[in-house]
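Reviewing the structure listed below.
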Amino acid sequence: YFLFNTILSHSSLFICYCRVFSVINSHIHTSSGLASKDHYKVLVLGGGSGGIAMAARMKRKVGAKNVAIVEPSEVHYYQPIWTLVGAGSKSVASSGRPTASVIPSGVTWVTSKVAEFDPENNTVHTDSGKKISYDYLIVALGLELHYEKIKGLPEGFEHPKIGSNYSVKTVEKTWNALKNFKEGNALFTFPNTPIKCAGAPQKIMYLSDAFLRKTGKRSKANIIYNTSLPVLFGVKKYADALWEIVKKRDLNVNLRHNLIEVRADKQEAVFENLDKPGETEVYKYEMIHVTPPMGPPAVLKGSSLEDEAGWLNVNKSTLQHKTYANVFGIGDCTNLPTSKTAAAVAAQSAVLDRTVSRILKKQTPDKTYDGYTSCPLVTSYNTVILAEFDYDGQPLETFPVDQSKESRVMYHMKADVMPHLYWHGLLKGLWGGPGPYRTIMHMGMK
């Protein structure tokens, strides 16, 4: 608790500083309708966590008038909190703010979608017909959800008893399905593709278990987690802890089971056995939480920026594109071999900031991204296992305690501290992950 209070105290001071900083620098950013030029020193594509963070950092590097950000959405969401929205402990309204309020002041906001890349000529085309040129390009387009790759979806969400915490349109449906649960199977799925926040599909399972126990319905529920993965979690230390929870709470886990169809009118879900091609199994459900297949932004397809799988092809250490030296990437759209999380974006933003700074000075990048990512594995309404690890799947923990143990303190960090760090730290370009704190906590040792 001393450690938590120390971090909380520093976070409060940090947030106050950020607010003062914001007020001092406040003036209205330029919208696309007022944009007076079509060339920028730094062009940022995407207004998610990575894009906003890097726009803020680049503003301080080259000046607001030399930075533009292309983003069509009018609302920016803090998506990590949707796990708690789906479990009824947070409101969906609390997760969103107007995009205009998070774009750095003075930075040009182009309210369009990216339609085409032309990196040979340092230009990007938007769906509104606008052609924008740049000196340096930062791609932060996130990933795309593909509910349509599951037969019966997304139209199945029109029925009750089905939800998904991965979309603002369906996250409240998860809570409705959970609170109206009566008796039968509660199904939770993990698709056969890379996804963002790989722990989220099982977090809602643990929260549903806790809710059903609290409401006296657990004895009537058969909780099933069907995952396409061959493991419960990718890092053994945390996987071992999660298996103990699974056994203790009588949860059923089926590995290598991939959802291929939802028959929402019949409350049936069809899974394929990935170890036995052609073999399928039908499950009846009283409730189902669907994690959709995901993939790279479609606009990258066919461009010279993608790798063989369609992701932005960047150097995993410097985040610089492998072909174009003035193109960089951050976040979910990249092919970085680490979990796609907001925590990863924070750590990447600090590295990318340094990389771009060196490139601007015609110097060689000298800061290396180690793959740091974090997944606060919510295991109940007041406990979390805080998983932190690197490219090699080795724990890279901030606190000098065993973070594979369920912790109330870590839950409060997830639910209360991290949202503040996101809005007032990461999006302001002032939070680059817990690396410095980790060094202090561990007295300089990894």
- Once amide hydrogens are built 1.01 Å from N within the peptide plane, the residues lying 5 or more places from Asn315 or on another chain with amide H under 5 Å from its amide H are Gln320, His321, Lys322
- Item | Entry for volume of the Cα convex hull per residue in Å³ (calculated from the structure that is shown) out of [x] 144; [y] 230; [z] 199 | [x]
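Name the shape class, rounded, prolate or oblate, that the alpha-carbon gyration tensor gives for region 147-293, where a ≥ b ≥ c are the square roots of its eigenvalues, rounded holds for a/c under 1.5, and otherwise prolate holds if a/b is larger than b/c and oblate otherwise.
Details: a/c = 1.41, a/b = 1.03, b/c = 1.37.
Rounded shape, in that the Cα axes give a/c under 1.5.
Largest first, what is the accessible-area ranking of His420, His257 with a 1.4 Å probe? The partial results should precede the final answer.
Working: His420 80, His257 30 Å².
In descending accessible area the options line up as His420, His257.
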- Roughly how big is region 147-293's charge dipole about its Cα centre, with Cβ charges of +1 (Lys, Arg) and -1 (Asp, Glu), in debye to the nearest 20? 620
- Task: Would you please put 40-47, 170-177 in order of how densely packed they are, using the mean number of other Cβ atoms within 10 angstrom per residue and starting with the highest?
- Result: 40-47, 170-177
- In what order, largest first, do Tyr324, Tyr238 sit by accessible area if the probe radius is 1.4 Å? Tyr324, Tyr238
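Just how large is the dipole of the chain about the Cα centre, in debye to the nearest 20, putting +1 at every Lys and Arg Cβ and -1 at every Asp and Glu Cβ? Intermediate results must be reported in sequence, preceding the final value.
Numbers: 52 positive and 40 negative charges, 254 e Å.
I would put it at about 1220 debye.
Quick one: pull the percent of accessible area on region 104-197 belonging to carbon and sulfur, 1.4 Å probe, ligands and nucleic acids left out. The partial results should precede the final answer.
On the way: 1830 of 4030 Å².
Whole-percent figure for carbon plus sulfur exposure: 45.
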- Straight-line reach from Lys59: which aspartates and glutamates have a Cα under 15 Å away, not including same-chain ones fewer than 8 places off? Asp135, Asp353
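Only sites in a loop by DSSP and with at most 16 other Cβ atoms within 10 Å count here; which trypsin sites (Lys or Arg not before Pro) in region 327-392 make the cut?
Numbers: sites: Lys340, Arg354, Arg358, Lys361, Lys362, Lys367; in loops: Lys361, Lys362, Lys367.
Those satisfying the criteria are Lys361, Lys362, Lys367.
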- Mind checking which aspartates and glutamates have their Cα closer than 13 Å to the Cα of Lys161? Skip sequence neighbours fewer than 8 apart in that chain. Glu172, Glu183, Asp265, Glu268, Glu286
- Item | Residues of the chain: accessible area per residue with a 1.4 Å probe, Å² | 42
- The correct ranking of Met58, Met418 by accessible area at 1.4 Å, largest first, is Met418, Met58
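Could you please report the charge total around Thr108, scoring K, R as +1 and D, E as -1 over all other residues with beta-carbon less than 9 angstrom from its beta-carbon?
+2
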- Message: For Lys236, give me every one of the aspartates and glutamates with a C-alpha distance below 16 angstrom, ignoring sequence neighbours fewer than eight places off in its own chain.
- Response: Glu244, Glu388, Asp390, Asp392, Glu397, Asp402, Glu406
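Excluding Asn313 itself, what net charge comes from residues whose Cβ is under 15 Å from its Cβ, given Lys and Arg +1 and Asp and Glu -1? Show your work: numbers first, answer last.
Numbers: positive: Lys301, Lys316, Lys322; negative: Glu306, Asp307, Glu308, Asp332.
Here the charged neighbours net out to -1.
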- Task: Return the subset of Lys151/Lys203; Lys65/Lys322; Lys173/Lys414; Lys90/Lys220; Lys316/Lys367 for which the Cα-Cα distance in this structure is over 18 Å, preserving the input order.
- Result: Lys151/Lys203; Lys65/Lys322; Lys173/Lys414; Lys90/Lys220
- Query: Using the alpha-carbon centroid of each, what span in Å lies between region 46-88 and region 379-430?
  - Reply: 20
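Using a cut-off of 15 Å between beta-carbons, work out the net charge of the residues near Asn273 (Lys and Arg +1, Asp and Glu -1, Asn273 not included).
Details: positive: Arg256, Lys276; negative: Glu261, Glu272, Asp275, Glu279, Glu281.
That sum, taken over residues with Cβ under 15 Å, equals -3.
The values are calculated or read from the model by the stated rules, or taken from the named source; none is laboratory data. Values in this document were obtained by computation on a predicted structure and should not be read as measured data. As a convention, Cβ positions derive from the backbone with ideal geometry for all residues, glycine included, and neighbour counts pool all protein chains shown. SASA here: full protein model, heavy atoms, side chains in, ligands and nucleic acids out. Shrake-Rupley method; radii C 1.70, N 1.55, O 1.52, S 1.80 Å.
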